[in-house]
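Bear in mind that the values in this text are calculations on the coordinates, not laboratory data. Not measured: the values here are computed from a predicted model. Every residue, glycine as well, gets a Cβ built from its backbone with ideal geometry; the counts of neighbours run over all protein chains shown.
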Amino acid sequence: MEVADIIRKHLCDDVYSLSTKDGWYGNYDKKWLLQQIQSRQKAQSKLPSWYGNFDLLFPPPLSVEQSSSELAAAYKSSLVSGATLVDATGGMGVDSSFFARRFQKVIYMEMQPELVALARHNFGVWGLNNVEVRHTSDGSVDRLPAADCVFLDPSRRDAGRKVFLLEDCSPDIIRWMPRLKELYGTILVKLSPMYDLTAAVRAFPEIDAIYVVAVHGEVKELLLMISSKKMPRTVSCVNLERGGAVQREVFSYEERNGVVDCADEVETFLYEPHATLMKAGLMNAAAARYGLKKLHPHSHLFTGSQLVPDFFGRIFQVKSVFGMGKSELKTNVSDLKKANITVRNFPIKEADLRKKLKLDSGGEVTLFATTLFGERHVLIRTEKARVSDDNPLND
């Protein structure tokens with residue numbers, strides 16, 4: 001039986017159960033076969049076209065977990081252009097495979113020989129003949145060739161543990177930066193979504209653009225772009241959905257210092273900023289752009305009397321606002337058997353509140369447990385607003 005047939009046959013099976021079987025396809029390396037099955041399973045939603053192509057070979061599961069998703073890689077490749085790009089931290093090769101569709105030439109560089117061999121095979125499967133594969137022995141900046149653009153995704157693991165400080169990552173791009181600016185007109189760096197934007201700008205004051213990228217509402221990547229062209233620094237908050245839908249809001253970096261007034265009361269609509277706005281610290285800037293007020297300096301929820309259908313985030317219509325007293329709860333919650341609950345700046349945890357209210361999860365109603373200006377703790381009963389353009393962020 002061919003390898004592809006074995007993988008296809010067992011793709012939905014439990015890998016641990018498979019590992020306990022004796023005499024399992026004795027002509028093949030069992031550990032390697034199990035790796036192919038497990039890694040492909042992890043790629044199903046993240047890399048759907050890779051998952052369905054049985055001519056491709058997969059690295060260990062950790063490399064799949066660390067790779068970009070197809071949606072993120074495609075978006076990333078749309079940000080840069082030129083004749084030649086160097087992917088200095090090639091890894092599994094997902095990003096290189098998308099860059100290769102936009103550049104005349106891509107130079108893929110990687111220190112791990114097993115990843116180099118897999119990438120070379122997979123680029124051939126994709127028919128990407130414009131990718132040059134290089135195995136680097138020492139990861140030195142002096143090994144990098146000159147080109148129009150360089151992409152770096154520093155490894156955020158050291159001896160198996162996760163690290164988040166730039167100086168703890170490999171390669172150390174802080175140390176590399178002077179040489180990178182000599183070699184490349186554009187430098188694109190991918191960082192952990194946990195990394196702080198202020199710290200990034202402090203480390204690289206020459207940053208021109210910051211991209212906070214989410215896939216299906218969850219922040220996945222923080223991208224920094226440094227260009228030889230001097231431009232005002234911007235922050236783009238981006239959400240990617242299946243089918244190629246891209247929602248994006250662009251702000252100047254200075255707008256992170258924006259101030260918004262607090263509301264005296266909860267108005268007709270409640271606005272919950274998108275996760276990328278929260279990560280970028282641009283909640284107030286977005287609210288100011290749409291003429292909204294915040295409920296409390298630390299609640300990160302906003303309100304307004306008018307529907308703003310293109311708000312970057314979720315929009316709810318307010319049905320009632322009430323406290324935690326027995327009579328108020330009876331009036332506003334007793335008809336519910338289930339509800340979604342969101343807790344923001346509130347003294348009771350979501351699980352404890354759900355237990356107190358005796359509500360299952362789900363349904364059309366969302367209860368926001370939060371604090372209003374004046375330190376009043378309230379529950380806000382809402383339903384999703386009807387948005388005429390069917391904004392996917394409000395799903």
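Rounded to the nearest whole Hz, the Karplus-based 3J(HN,Hα) values (6.51 cos²θ - 1.76 cosθ + 1.60, θ = phi - 60°) of segment 319-334 follow the sequence 9, 6, 10, 7, x, 9, x, 4, 5, 5, 5, 4, 5, 9, 10, 4, with x at glycine and proline. For a straight C-alpha distance cut-off of 25 angstrom, the lysines reachable from K9 (same-chain residues fewer than eight places away being disregarded) are K21, K30, K31, K42, K46. Bridges between two residues of segment 258-394, per DSSP, are antiparallel at a rate of about 80%.
Of the beta bridges in the chain, as assigned by DSSP with both residues counted there, near 60 percent are antiparallel.
Between amide H atoms placed 1.01 Å from N, distances below 5 Å from V86 occur with I107, C149, V150, F151, all of them 5 or more places distant or on a separate chain. Selection among Y75, V141, G90 by position relative to the dipole of the chain gives Y75 as farthest towards the positive end (Cβ unit charges, Cα centre). Taking the Kirkwood radius as Rh and the Cα radius of gyration as Rg, segment 65-254 has a ratio of Rg/Rh equal to 0.93. Here the contact order of segment 258-394, divided by its residue count and restricted to Cα pairs under 8 Å and six or more residues apart, works out to 27 percent.
Which peptide among 213-223, 9-19 comes first, and what is the full order, when sorted by highest mean count of other Cβ atoms within 10 Å?
On the way: 213-223: 19.8, 9-19: 12.5.
Top of the packing list down: 213-223, 9-19.
When each of S155, S228 is scored by the number of other beta-carbon atoms lying within 10 Å, the sequence from fewest to most is S228, S155.
Over segment 258-394, with a single point scatterer placed on each C-alpha, what log10 of the ratio I(q)/I(0) does the Debye formula yield at q = 0.11, 0.21 1/Å? With no solvent term, the Cα-only Debye profile gives -0.37, -1.34.
With the contact rule set at Cα under 8 Å and sequence spacing of 6 or more, what percent relative contact order holds for the chain?
Numbers: 725 pairs, mean separation 33.4, N = 395.
Worked out over the chain, it gives 8 percent.
In a reduced charge model with +1 at each Lys and Arg Cβ and -1 at each Asp and Glu Cβ, the chain shows a dipole moment near 640 debye about its Cα centre. Can you classify segment 1-122 as rounded, prolate or oblate using the Cα gyration tensor, where a ≥ b ≥ c are the square roots of its eigenvalues, rounded means a/c under 1.5, and otherwise it's prolate if a/b beats b/c and oblate if not? Verdict is prolate for segment 1-122. Pairs over the 20 Å Cα-Cα cut-off, from the set K76/K220; K220/K279; K294/K358: K294/K358.
One entry in [x] 40, 22, 20; [y] 43, 29, 17; [z] 128, 37, 22 is semi-axes √(5λ) of the Cα gyration tensor in Å calculated from the shown coordinates; its label is [y].
Could you calculate the FRET efficiency of D310 with Q112 from 1/(1 + (r/R0)^6), where r is the beta carbon distance between them and R0 is 45 Å, rounded to 0.05? Please list the in-between numbers first.
On the way: r = 45 Å, r/R0 = 0.99.
Efficiency computed from Cβ-Cβ geometry: 0.50.
Phi angles of segment 237-247 translate, via the Karplus equation with coefficients 6.51, -1.76, 1.60 and θ = phi - 60°, into HN-Hα couplings of 9, 10, 10, 10, 10, 4, x, x, 5, 10, 9 Hz per residue; Gly and Pro are given as x. What would the Debye formula give as log10 I(q)/I(0) at q = 0.10, 0.13, 0.21, 0.23 Å⁻¹ for the alpha-carbon point model of segment 183-282, no solvent? Scattering profile of segment 183-282, log10 relative to I(0): -0.32, -0.52, -1.12, -1.25. If only the Cβ of Lys and Arg carry +1 and only the Cβ of Asp and Glu carry -1, the dipole of segment 258-394 around its Cα centre is close to 540 debye.
Can you give the helix-only mean residue ellipticity at 222 nm for the chain, where every DSSP H stretch with n ≥ 4 adds -39500 (n - 2.57) and the sum goes over all residues, rounded to the nearest 500 deg cm²/dmol? If you can, show how the numbers build up before the last one.
On the way: 14 runs with 111 residues, N = 395.
Taking each H run of at least 4 residues, the total per residue is -7500 deg cm²/dmol.
Centroid-to-centroid, using Cα positions, segment 214-250 and segment 298-326 are 26 Å apart.
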